[in-house]
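Let me begin by presenting the structure, written as C-alpha cells, before commenting on it.
The values are calculated or read from the model by the stated rules, or taken from the named source; none is laboratory data. For clarity, every value in this text was computed on a predicted model and none was experimentally measured. All Cβ positions, even for glycine, are placed from backbone atoms using ideal geometry, and neighbour counts span all protein chains on display.
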Amino acid sequence: MVFEELIDAVEPIKRPGRGRPRRRPEKLHADKAYDDKKCKAALRRRGIKSRIARKGIDSSKKLGRHRWVVERTLAWLAKYRRLTIRYERRDDIHEAFLHLGCSLICFNYLS
C-alpha cells in the first residue's frame, strides 16, 4: 500500500531541547478518501492517532483548517511551469528544480 510507505517515509521530528526525536507524528489529518479499515489499522499499528473524516458522517469543513496550508503551498509551486508539467526525465534534476522553487517561495514569503 502506498499509504503505509508514505507514513514510513516521514523523517524523525526534531524538537529543540532534551530527549530523542520523535520517530512518527502524533496524529494524522486526512480527508474522506482515506476512511478505510486498512489505513486506520496501519496508523494504529504505528501508534499514530487518526483524524480522518468519516464518509457520510463528518463534514469536510473541519479538515479544511489544516488542509489549506498544503493546498496553498502546492498552488505556489504550480506557478513555476517547469514543476507543474514535468519536462525533466531525470529525478535528480526535477528535485533540484523543486528545491529551487521552494527556495524562491521562502524568499518571497520572508521579504
- Yes or no: Ala42 small (Gly, Ala, Ser) and at pLDDT 80 or above? yes
- Query: Here are some residues: Ile93, Ile52. Which one is modelled with pLDDT under 85, surrounded by 10 or more Cβ atoms within 10 Å (Cβ to Cβ), among the aliphatic types (A, V, I, L, M) and over 18 Å from the mean Cα position of the chain (by Cα)?
  - Reply: Ile93
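Name the residues in segment 101-111 that are free of Cβ contacts under 8 Å to residues at least 12 places away in the same chain and in contact with a Phe, Trp or Tyr (Cβ under 9 Å, 6 or more places away or on another chain), would you?
The first filter runs over segment 101-111 and keeps only residues free of Cβ contacts under 8 Å to residues at least 12 places away in the same chain, leaving 103, 106-111.
Once the filter is applied, which keeps residues that are free of Cβ contacts under 8 Å to residues at least 12 places away in the same chain and in contact with a Phe, Trp or Tyr (Cβ under 9 Å, 6 or more places away or on another chain), segment 101-111 yields Asn108, Tyr109.
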- Pick from Leu28, Leu6: which is at pLDDT 80 or above and part of a strand (DSSP E or B)? Leu28
- Filtering segment 9-25 for residues that are free of Cβ contacts under 8 Å to residues at least 12 places away in the same chain and either among the charged types (D, E, K, R) or under 18 Å from Ala42 (Cβ atoms) (or both) leaves a count of 8
